[in-house]
Amino acid sequence: MPFIKSICVFCGSSAGSRPEYTLKARDLGLLLAKKNITLVYGGSNVGLMHIIAETMLEAGGKVVGVMPHNLIQREVAHKGLSQFYEVETMAERKARMDELSDAFIAMPGGIGTLDEIFEVMSWNQLELINKPVALYNVLGYYDPLLNFLDHSVNQHFVKPEHRLNLIAESDENTLLDKILNYKPIKVDGGKWIKELKQDTSAAKKL
């Protein structure tokens, strides 16, 4: 069972079109503060990123921001965080957030959020890290994505184990409980490579 002291939350720089997104961001922030879990996030002062950070700070929680200097120059950085790291690039930002975090949650968000959550999923797949990765599926926001991942499994582009290791819940308490009790399903590396070679051989015969 992983020991979770900090969780990185990826989320939108927009608050979204529905008030539930804001309400659930606050619920998650309050829960993390109550559990004394540090929030690591992109350091922004706008959208859902601002909402969850402010909620945690008001509740006495610890919030750590990480942001490239070019975004700081656009005046979107939160000035009142517990700790703030300025980095050079987006790649450095993601690497630093990984270093600081024991788990990852994606709230509803856009392309940047998807990029971030898929990168940590791929790191898990490649066994570069071994950390819980979860979707906070507010209002079923990620249902189409989950359906697509199921389709990818059916088409043999994603291993079933990697799909099953992705946590997805709409209730923050259930989500956090699954993160705290995360036990990854391991893929047999030798078997996986053998299957890839068999698929490639079959494709060559077509």
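The values are calculated or read from the model by the stated rules, or taken from the named source; none is laboratory data. All figures in this text were calculated on a predicted structure; none of them were measured in a lab. Reconstructed Cβ throughout: ideal geometry from the backbone, glycine too, with neighbour counts over all protein chains shown.
A few remarks follow.
- The residue list GLU99, GLU54 contains one member that is over 15 Å from the mean Cα position of the chain (by Cα) and either part of a strand (DSSP E or B) or surrounded by fewer than 24 Cβ atoms within 10 Å (Cβ to Cβ) (or both), which is GLU54.
- Qualifying residue in segment 75-96 (condition: closer than 25 Å to VAL158 by Cα and either of a type outside the set (A, V, I, L, M) or in contact (Cβ under 8 Å) with a residue 24 or more places away in the chain (or both)): yes
- Filtering segment 108-137 to residues that are part of a loop (DSSP other than H, G, I, E, B) and surrounded by fewer than 21 Cβ atoms within 10 Å (Cβ to Cβ) leaves GLY110, LEU126, GLU127, LEU128, ILE129, ASN130, LYS131.
- Segment 133-155: number of residues that are within 14 Å of the chain's Cα centre (by Cα) and among the small types (Gly, Ala, Ser): 1
- Conditions (1) surrounded by fewer than 14 Cβ atoms within 10 Å (Cβ to Cβ); (2) at pLDDT below 95: number failed by VAL187: (1)
- Selection count, segment 1-44, where residues are among the hydrophobic types (A, V, I, L, M, F, W, C), more than 23 Å from GLU86 (Cβ to Cβ) and in contact (Cβ under 8 Å) with a residue 12 or more places away in the chain: 11
- Qualifying residue in segment 13-31 (condition: under 18 Å from LEU71 (Cβ atoms) and not aliphatic (A, V, I, L, M)): yes
- Number of positions in segment 130-177 that are of a type in the set (Ser, Thr, Tyr) and either modelled with pLDDT under 95 or in contact with a strand residue (DSSP E or B) (Cβ under 7 Å, 6 or more places away or on another chain) (or both): 2
- In segment 138-184, residue surrounded by the most Cβ atoms within 10 Å (Cβ to Cβ) [restricted to those that are small (Gly, Ala, Ser) and either part of a helix (DSSP H, G or I) or free of Cβ contacts under 8 Å to residues at least 24 places away in the same chain (or both)]: SER152
- Neighbours by Cβ (under 8 Å, 6+ apart or cross-chain): first from segment 48-61, touching a residue at least 40 places away in the same chain (Cβ under 8 Å) and closer than 15 Å to CYS8 by Cα; second assigned to a helix (DSSP H, G or I) and small (Gly, Ala, Ser): LEU48/ALA25; ILE52/ALA25; ILE52/GLY29
- For ILE105, the conditions (1) among the aliphatic types (A, V, I, L, M); (2) modelled with pLDDT under 95; (3) not in a helix (DSSP H, G or I) are fulfilled apart from (2).
Yes/no per residue for (1) of a type in the set (Asp, Glu); (2) buried (at least 18 other Cβ atoms within 10 Å of the Cβ); (3) in a loop (DSSP other than H, G, I, E, B):
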{"residue": "SER13", "(1), (2), (3)": "no, yes, yes"}
{"residue": "GLU20", "(1), (2), (3)": "yes, no, no"}
{"residue": "LEU23", "(1), (2), (3)": "no, no, no"}
{"residue": "GLY29", "(1), (2), (3)": "no, yes, no"}
{"residue": "ALA33", "(1), (2), (3)": "no, yes, no"}
{"residue": "ASN36", "(1), (2), (3)": "no, no, yes"}
{"residue": "LEU39", "(1), (2), (3)": "no, yes, no"}
